[in-house]
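Participant: Quick one: this structure, given as structure tokens, is what I'll be asking you about.
Throughout, read-outs are computed from the coordinates displayed, never taken from laboratory work. Every value quoted in this text rests on a predicted model; they were computed, and no experiment measured them. Methodologically, a virtual Cβ is constructed for each residue, glycine included, from the backbone with ideal geometry; neighbour enumeration extends over all protein chains shown.
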Amino acid sequence: MVDVRDGRLAQVAEAADGLVRVRSLNGGGEPWTVPPTALRLATREERQAAGLRPYQTGCDECAALDVVRKAAGGGDATAAVYTHWIVAHSASAMGRGN
């Protein structure tokens, strides 16, 4: 994720009460709170520059959820994209053979 307010790449730690708590990708520094509207998915180039895996391509569910997210302008639709990504495409999911 990217905090668009300052361009920092971050990992979502939790979401509650309409805010998202994020932390630095390198594990340093204090976590911070971000409104969901101030977050966007990092681009392939940003992820590569940070040493992260690129997004999966060819996932029909990712594409469908992203269309809904863009139409809805965030909120629950954004949370659905994040949840799908974590469950289906995170490193831990990759280890399970998904």
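Participant: Order of Glu30, Glu46 from fewest to most other C-beta atoms within 10 Å? Intermediate values should be presented prior to the final figure.
Facilitator: On the way: Glu30 6, Glu46 15.
Fewest to most other Cβ atoms nearby, the residues stand as Glu30, Glu46.
Participant: So, one more: Using only the Cα atoms of segment 1-53, construct the convex hull and provide its projected area averaged over every direction, in square nanometres to one decimal. Please report the intermediate quantities before stating the final value.
Facilitator: Values: hull surface 14.3 nm².
That works out to 3.6 nm², a quarter of the Cα hull's surface.
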